[in-house]
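Student: Before anything else, here's the structure in question.
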Amino acid sequence: MNIGKAFSYVFEDEQWITKVLIGGLFVLASTVLIGIPFLLGYIVALIRNVMAGSERPLPEWDELGEKFTEGLILAIILFVWSLPVLLFDGFLGALIAILGNAASSNAGVLVVVLTFLIWAVSLLWGLVVALFTPAIMVQFAQKPEFSSGFAFSNLWRFTADNIGNIIITVLIYWVAGVIAGFGVILCVVGVLFTSFWSYLVLGHLIGQIYLHRKGQPLPPAEVLP
Amino acid sequence: MTFLSWARVDGFIQAGARRAGRWAGRHWPWLFLFVPGALLGFSALAPLLAAMGADSTAGLLYRGFGRICHQMPSRSLWIAGRPMAICARDVGLYAGMFLGMWIVHVPHAHRMPAWGAFLFAAPMALDGSVQFLGLWESANSTRLWTGFAAGLGVSVWLMGELMRAAGERNSDVDCLNDFNEG
């Protein structure tokens, strides 16, 4: 994988300034949720361009309706993937609230244990989702349908075959996020544009995972009964 | 086939997303109006909720806005004896953006060039930079108005660029048809 390229390809586009500034607008719109489908749809288009080996993969901000459609479906997929831990945390959180009202030292110990359990399970499941997200997005970029996010045999095979590159991607995205944090220097709102840049880094890396994949090309997402 | 078969759920979500996408594709310029308006509204709501004793909800809003603003009380406007959830400069920014997203629909307003947006943003950049270097301490009124100018200019320019890039046909926004004809 070409990690340097993932950081620099954005600036090779002739219109990168406009595209990144517009992306920052959508990041701002994401604070009230509206921008999330547009952003996700843009990242899917980016991944598709990288997978196709495009020299200038940074997409145009056109076909906003199509981007919104694909981004919305992907957002629902990622939400469903997060549901198990959300339900688990919600259940334990309610339990903690009940125990918190009990005047007992045993209850206090239980609250500590349950709090640690929430933290541990959230961390573990977060790692699982992070490791599977590249496969989900590659599968979705190939076939932008809801079922693509739950073609478990394909997702498992892709993740297992490319686990090394996926771990590198997760780590590099974390680094990009730290760099993006320096955007606060630009009147704080600069972080909107640097955050968008970090998403572009992630998208390029995910596309590269596909290009450098081990194993067979992914078949179409299986149709579940 | 059961009522809740995977294929039915898949089809329902696909159809719903396509319908939402068609709607968003036509009305996205107006969707953007909601963003600065909502940000201003919620940032003003936080001190009001705190004044009414709804501390946990107010705290949620303050924490949320804390990710995009330093929230220094001395640099914020105050409502009901409490600072807004965003600083005075950001209030100006979002107010300018809100106005800008209306103005961009005025004929030819969307043609604002990048250097025009730079001119609008320059006072804010200058005020912020000089303050950052410790050469002077700006006032909230200056922060408010320079932020307003920057938000207005940049939003008109960027929305114009986005409209050019989108170049959507069959839009209910008249100025988009200028791009298709021009």
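The values are calculated or read from the model by the stated rules, or taken from the named source; none is laboratory data. Here the structure is a predicted model, which is why all the values come from computation and not from measurement. Note: ideal-geometry Cβ built from the backbone for every residue, glycine included; neighbour counts use all protein chains shown. What goes into the accessible areas is simple: the full protein's heavy atoms, side chains included, and nothing from ligands, DNA or RNA. Shrake-Rupley method; radii C 1.70, N 1.55, O 1.52, S 1.80 Å.
Student: Show the residue pairs that are 6+ apart or on different chains and have beta-carbon atoms under 8 Å apart, the first residue being within the range A:90-115 and surrounded by 12 or more Cβ atoms within 10 Å (Cβ to Cβ), the second being polar (S, T, N, Q) and at pLDDT 80 or above.
Tutor: These pairs meet every condition: A:I96/A:T115.
Student: Given (1) within 30 Å of A:L95 (Cβ to Cβ); (2) crowded, with 19+ Cβ neighbours inside 10 Å, identify the lone condition not met by A:A135.
Tutor: A:A135 satisfies every listed condition except (1).
Student: Continuing with the same structure: Among residues belonging to the range B:145-169 that are outside any helix (DSSP H, G or I) and either at the interface with another protein chain (Cβ under 10 Å from one of its Cβ atoms) or open to solvent by less than 40 Å² (accessible area, probe 1.4 Å) (or both), point out the one that is modelled with the highest pLDDT. Give the steps one after another, and end with the answer.
Tutor: From the range B:145-169, those outside any helix (DSSP H, G or I) are B:167-169; that's our starting set.
This time we only want the ones that are either at the interface with another protein chain (Cβ under 10 Å from one of its Cβ atoms) or open to solvent by less than 40 Å² (accessible area, probe 1.4 Å) (or both), so: B:167-168.
Details: B:G167: 71, B:E168: 47.
It comes out as B:G167.
Student: On to the next question. Which of (1) surrounded by 12 or more Cβ atoms within 10 Å (Cβ to Cβ); (2) under 26 Å from A:Q208 (Cβ atoms) does A:L127 not meet, given it meets every other one?
Tutor: (1)
Student: I'd like the residue in the range A:9-38 that is open to solvent by 20 Å² or more (accessible area, probe 1.4 Å) and within 18 Å of A:L205 (Cβ to Cβ) and, out of all such residues, is nearest to the other protein chains (Cβ to nearest Cβ).
Tutor: From the range A:9-38, those open to solvent by 20 Å² or more (accessible area, probe 1.4 Å) are A:11-12, A:14-18, A:21, A:30-34, A:36; that's our starting set.
Retained after the next criterion (residues that are within 18 Å of A:L205 (Cβ to Cβ)): A:11-12, A:16.
Details: A:F11: 17, A:E12: 18, A:W16: 13 Å.
Per the stated criteria, the residue is A:W16.
Student: Restricting attention to the range A:82-104, which residues are under 17 Å from the mean Cα position of the chain (by Cα) and within 14 Å of chain B (Cβ to nearest Cβ)?
Tutor: A:L83
Student: Ok, one more. Checking A:A45 against (1) touching a residue at least 60 places away in the same chain (Cβ under 8 Å); (2) closer than 29 Å to A:G183 by Cα; (3) of a type outside the set (S, T, N, Q); (4) within 14 Å of another protein chain (Cβ to nearest Cβ), only one condition comes out false. Which one?
Tutor: Among (1) touching a residue at least 60 places away in the same chain (Cβ under 8 Å); (2) closer than 29 Å to A:G183 by Cα; (3) of a type outside the set (S, T, N, Q); (4) within 14 Å of another protein chain (Cβ to nearest Cβ), the lone unmet condition for A:A45 is (1).
Student: Further question: So which of B:A15, B:A7, B:A58, B:A44 is hydrophobic (A, V, I, L, M, F, W, C), more than 20 Å from A:T31 (Cβ to Cβ), more than 8 Å from chain A (Cβ to nearest Cβ) and in a helix (DSSP H, G or I)? Before you say what the answer is, go through the steps one by one.
Tutor: Numbers: B:A7 fails: more than 8 Å from chain A (Cβ to nearest Cβ); B:A58 fails: more than 20 Å from A:T31 (Cβ to Cβ); B:A44 fails: more than 20 Å from A:T31 (Cβ to Cβ).
B:A15 is the lone residue from the list that is hydrophobic (A, V, I, L, M, F, W, C), more than 20 Å from A:T31 (Cβ to Cβ), more than 8 Å from chain A (Cβ to nearest Cβ) and in a helix (DSSP H, G or I).
Student: Within the range B:56-74, can one find any residue that is of a type in the set (K, R), touching a residue at least 24 places away in the same chain (Cβ under 8 Å) and open to solvent by 50 Å² or more (accessible area, probe 1.4 Å)?
Tutor: Filtering the range B:56-74 for residues of a type in the set (K, R) gives B:63, B:67.
From the residues that got through so far, the ones that are touching a residue at least 24 places away in the same chain (Cβ under 8 Å) too are none.
Checked the range B:56-74: no residue is of a type in the set (K, R), touching a residue at least 24 places away in the same chain (Cβ under 8 Å) and open to solvent by 50 Å² or more (accessible area, probe 1.4 Å).
Student: Follow-up question, since we're still on this one. Output the residue which, of all residues in the range B:135-144 that are part of a loop (DSSP other than H, G, I, E, B) and open to solvent by less than 60 Å² (accessible area, probe 1.4 Å), is modelled with the lowest pLDDT.
Tutor: Quick first cut of the range B:135-144, residues part of a loop (DSSP other than H, G, I, E, B) only: B:135-139.
Those still in the list that are open to solvent by less than 60 Å² (accessible area, probe 1.4 Å) too: B:138-139.
Details: B:S138: 81, B:A139: 86.
If we take residues in the range B:135-144 being part of a loop (DSSP other than H, G, I, E, B) and open to solvent by less than 60 Å² (accessible area, probe 1.4 Å), then B:S138 is modelled with the lowest pLDDT.
Student: Sticking with this structure for a sec: Restricting to the range B:75-90, count the residues that are over 17 Å from A:V184 (Cα atoms) and open to solvent by 20 Å² or more (accessible area, probe 1.4 Å).
Tutor: Of the residues in the range B:75-90, 7 are over 17 Å from A:V184 (Cα atoms) and open to solvent by 20 Å² or more (accessible area, probe 1.4 Å).
Student: Then there's this: Checking A:G65 against (1) surrounded by 19 or more Cβ atoms within 10 Å (Cβ to Cβ); (2) without any contact (Cβ under 8 Å) to a residue 40 or more places away in the chain; (3) in contact with an Asp or Glu (Cβ under 7 Å, 6 or more places away or on another chain), which test does it fail?
Tutor: A:G65 satisfies all of (1) surrounded by 19 or more Cβ atoms within 10 Å (Cβ to Cβ); (2) without any contact (Cβ under 8 Å) to a residue 40 or more places away in the chain; (3) in contact with an Asp or Glu (Cβ under 7 Å, 6 or more places away or on another chain) except (3).
Student: Assuming A:F146 fulfils every condition listed in (1) under 22 Å from A:I167 (Cβ atoms); (2) within 14 Å of another protein chain (Cβ to nearest Cβ); (3) of a type outside the set (D, E, K, R) apart from one, which condition is it?
Tutor: The number of the failed condition is (1).
Student: Within the range A:48-60, does at least one residue satisfy the condition of being surrounded by fewer than 18 Cβ atoms within 10 Å (Cβ to Cβ), of a type outside the set (A, V, I, L, M), free of Cβ contacts under 8 Å to residues at least 12 places away in the same chain and within 11 Å of chain B (Cβ to nearest Cβ)?
Tutor: Filtering the range A:48-60 down to residues surrounded by fewer than 18 Cβ atoms within 10 Å (Cβ to Cβ) leaves A:52-56, A:60.
So of that shortlist, the ones also of a type outside the set (A, V, I, L, M) come out as A:53-56, A:60.
In the following step, the residues that additionally are free of Cβ contacts under 8 Å to residues at least 12 places away in the same chain were identified as A:54-55.
Checking which are within 11 Å of chain B (Cβ to nearest Cβ) leaves us with none.
Checked the range A:48-60: no residue is surrounded by fewer than 18 Cβ atoms within 10 Å (Cβ to Cβ), of a type outside the set (A, V, I, L, M), free of Cβ contacts under 8 Å to residues at least 12 places away in the same chain and within 11 Å of chain B (Cβ to nearest Cβ).
Student: Taking the range B:97-126 on its own, how many of its residues are at pLDDT 85 or above and open to solvent by 40 Å² or more (accessible area, probe 1.4 Å)? Give the derivation first.
Tutor: Narrowing the range B:97-126 to residues at pLDDT 85 or above: B:97-103, B:113-126.
After this cut, where a residue has to be open to solvent by 40 Å² or more (accessible area, probe 1.4 Å) as well, the list is B:98-99, B:102-103, B:113-115, B:118-120, B:123, B:125-126.
Of the residues in that region, 13 qualify.
Student: Related question: Taking only the range A:68-80 into account, find how many residues are more than 7 Å from chain B (Cβ to nearest Cβ), surrounded by fewer than 24 Cβ atoms within 10 Å (Cβ to Cβ) and not small (G, A, S).
Tutor: To start, the set of residues in the range A:68-80 that are more than 7 Å from chain B (Cβ to nearest Cβ) comprises A:70-71, A:74-75, A:77-80.
After this cut, where a residue has to be surrounded by fewer than 24 Cβ atoms within 10 Å (Cβ to Cβ) as well, the list is A:75, A:77-80.
Then drop every residue that is not not small (G, A, S), which leaves A:77-80.
Count: 4.
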